[in-house]
1. Please compute the average number of Cβ atoms from other chains found within 10 Å of each residue's Cβ in peptide A:30-36.
2. Could you please report the charge total around A:T232, scoring K, R as +1 and D, E as -1 over all other residues with beta-carbon less than 12 angstrom from its beta-carbon?
3. Suppose we look only past 36 Å in the calculated P(r) of segment B:4-361. What percent of the Cα-Cα pairs does that tail hold?
4. Tell me whether segment B:246-300 comes out rounded, prolate or oblate; compute the Cα gyration tensor, take square roots of the eigenvalues as a ≥ b ≥ c, and use a/c under 1.5 as the rounded threshold.
5. Once a ≥ b ≥ c are taken as the square roots of the eigenvalues of the Cα gyration tensor of segment A:154-219, is the result rounded (a/c under 1.5), prolate (a/b larger than b/c) or oblate (a/b not larger than b/c)?
6. If you take the beta carbon distance between A:A231 and A:R93 as r and set R0 to 51 Å, what does 1/(1 + (r/R0)^6) give as a FRET efficiency, to the nearest 0.05?
7. What is chain B's relative contact order, in percent, from Cα pairs under 8 angstrom and six or more apart in sequence?
8. Over segment B:4-361, what is the percentage of antiparallel beta bridges among all DSSP beta bridges, to the nearest 5?
Amino acid sequence: MTSVSIRLRIAAVLFLLTIIKPVPVPAAEVTVYDITFSLDTICAAGDTRCPSETKARYAALIGGNRWEVLFKKLKQEFEDSPVDWSNNEIARRRFLNELDSLVDRCKLLPQPLEGVATREYYDAFLEPLSFDRFKSESNDSADIVFFKGRGNQIVLGYTNAQDELVKLLTEDQALDLRLRANTIKMLEDIPWHESVKANLKAVQHAETRWANYLDHGFSQYPWEAWINGWATPYTVESPPGHQFAVLHPDAALELGPLRTDDATVKETLTLAVLGWIDYYGYAGESFWGISGAMSFRDDMGLGIGGLLYFGSTASIGVMWHDRNRDAHIDSRPFICVSLDLFRLAGVKGGSYLEKTGLLKIRRETLEAKVAEYDKAGS
Amino acid sequence: MSRHVLFVVHGMGVTDPVGWADSAMAKLMEVAKRYEQKHFPMAYFENNVIVVPINYSDILTAKVAEWQTDAAGVDAFARTNKVEDHGVLRWLEASDDVQRKFLWSHISHVILYRFFPLIRERIRVSVIRQIMEGIEREFVGQTECRCSVLAHSLGTSVAHDCLHILGSNPTWKDPETEKVWRNAFKPDDFRFSGIFMVANVSRLLQTDIKAYESIVRPGPSLDRSSYCASYYDVRHTLDPIPMPFPFEPDGWQPGPDVIAVQHIRDWNIHSLEHYLDNPGVHIPLLRKLAGTRSIGHRDEHEAVQAYSQFAVEAIGDENVQKIVTKLLDVVRIAKSSQAPAEYLSAFAQFLSLVDDLREVLE
């Protein structure tokens with residue numbers, strides 16, 4: 001086609017546009033030119049342009065990932081469209097150009113296995129280096145614009161200063177374009193939807209891991225949460241694989257002293273000075289840990305020892321106390337069983353703790369600590 | 001079916017994880033009905049705008065309860081950060097129980113999100129999951145679907161962070177096969193139509209994701225460094241909360257659409273419902289959801305002109321005027337605050353003044 005004949009065609013189209021007067025439509029009447037217009041309401045049964053009809057008709061090609069063949073057929077269907085496009089050849093040509101581009105890009109896709117969709121194939125389908133999205137209607141709620149910002153941009157209509165819609169395509173043309181473009185977008189979205197589902201599965205698992213760590217894991221006091229936030233690596237997909245316990249108080253029971261005839265059980269407050277907790281399992285649902293700890297009880301002096309953590313609520317350890325409060329750790333060993341109060345409160349409620357008196361000890365101890373802070377602050 | 005999905009992200013202080021969005025959505029429906037006589041497509045709006053509330057309050061509430069929220073734990077933390085130098089915590093201890101609980105229920109959420117990275121990440125993954133679920137549920141199988149976000153207060157920071165991660169994370173790993181999938185929500189494949197940030201604190205509370213440098217910005221669909229067609233920054237001249245670092249990005253092309261309002265129709269100036277009542281705020285939102293031509297420019301102009309700063313009963317009320325003058329002072333303090341404690345103090349004064357406003361208006 002020579003440049004002269006191209007110019008003559010363009011001039012003819014422009015001339016036709018001047019005599020085909022665009023018809024303004026009053027504001028707020030929703031028409032096929034509006035982005036909110038639902039194509040389903042006018043998609044008559046048997047209309048081969050409808051997304052659902054097209055999907056059913058080409059189910060075998062879609063299932064076989066034969067995208068190049070599929071889009072070639074759709075391009076042919078548009079070329080054979082019974083709608084009169086004679087007064088809008090530019091718009092028709094631009095749509096065909098985009099379809100050509102789509103078919104060309106499909107040629108770059110890896111050969112698919114018949115009837116089998118692989119993850120790598122979907123990723124390749126979406127990778128812009130090998131396959132750019134069709135991007136028909138713009139999604140900014142303006143009047144319908146196809147391929148916005150590209151050389152093949154098509155505007156169906158625009159709103160003038162009087163809030164009237166000025167149509168640039170006839171209603172039949174607008175409908176033809178919208179039905180076919182939405183069908184192509186629907187087909188193009190099939191691999192995208194598979195990626196969406198896979199992404200969602202990954203994020204759901206990530207949330208489970210985070211919940212296991214922060215909601216069901218070894219409890220963290222505010223200062224511990226703050227320290228671990230800076231001291232342990234994590235990503236949005238993966239919480240820390242381990243955790244530091246720092247000045248972590250717990251209520252506990254001590255049994256002892258061991259190997260004596262007068263062993264008793266006594267409430268005590270343990271303070272894990274520094275500990276290490278490690279998470280394991282498919283979603284980090286289990287943990288174990290150790291810490292160096294101190295023990296405070298009202299009938300003897302400071303205790304020092306270690307704790308071993310396992311599971312979600314309990315730990316066990318050994319403590320040696322300063323029996324006579326003379327700064328000498330001289331007792332026989334005591335077995336110490338502590339309870340993660342936060343987690344236990346979530347499971348058993350306060351009544352169990354009140355029964356054992358442990359809650360009272362913890363509350364009094366924490367009140368004493370807050371009083372110490374106040375005194376230091378003032 | 002042509003539909004528009006609106007994700008709504010709440011602000012600080014929300015404690016009802018299920019019903020928190022009801023009043024905001026009732027307000028949105030109420031303001032839409034104001035234009036029914038002006039041919040607003042109400043039927044389309046009611047049937048095709050899908051509201052998806054995004055909740056993260058349960059995570060914060062549970063953590064606050066776990067740490068026994070009478071400030072014992074975070075008190076110590078706040079002291080470490082020198083907040084006590086300005087006497088804010090003494091105010092907290094000295095104020096009556098109702099005010100103290102109200103302040104604490106709001107501030108604790110902000111403190112936890114801003115200063116505790118692990119809690120922040122926990123919230124982020126939950127919000128991202130909810131957005132992905134909403135998109136998967138509403139988009140899959142649909143031929144025509146659009147998506148927007150309406151965020152309020154602390155929710156603007158949460159939404160900003162989560163949208164950036166959603167759009168920029170390169171891959172997501174399959175937990176069973178451990179193979180990685182391409183992120184299907186990158187700007188190449190997915191974009192939001194509109195992002196409405198009401199009482200925008202995304203700059204004020206920014207941490208590892210910088211508000212002006214993320215992909216959460218408007219741009220044409222071919223611009224892969226942008227994630228939405230339109231970005232609206234909604235601010236109230238008497239709301240001091242976003243003031244220390246108002247959202248003012250330099251060099252954004254295109255920039256955000258700034259909507260500044262100054263009305264007083266309720267005592268809670270900061271609430272999302274109060275913002276939505278103003279036509280300057282709800283008309284752009286309704287147009288985004290129901291189409292550009294759903295409310296004509298002439299109708300918009302009339303609505304904005306007819307909307308007075310004060311409710312009819314408060315016009316000329318000297319007590320209201322006095323409170324407004326004091327609110328302007330608080331806003332000025334918040335704007336110029338250099339330290340967290342100054343800002344907290346301004347926030348506390350703001351709460352006190354809106355309490356006075358409630359007494360006057362009710």
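Just so it is clear, none of the values below were taken in a lab; they were calculated from the coordinates. In this text, all values refer to a predicted model and were calculated from it rather than measured experimentally. All Cβ positions, glycine included, derive from the backbone under ideal geometry; neighbour counts span all protein chains shown.
1. The mean count of partner-chain Cβ atoms within 10 Å per residue comes to 6.
2. My count for the surroundings of A:T232 gives -3.
3. Taking all Cα-Cα pairs of segment B:4-361, the fraction more than 36 Å apart is 22 percent.
4. Numbers: a/c = 2.30, a/b = 1.05, b/c = 2.20.
Oblate, since a/c reaches 1.5 and b/c is not below a/b.
5. oblate
6. 0.25
7. Relative CO of chain B lands at 18 percent.
8. The antiparallel fraction comes to roughly 10 percent.
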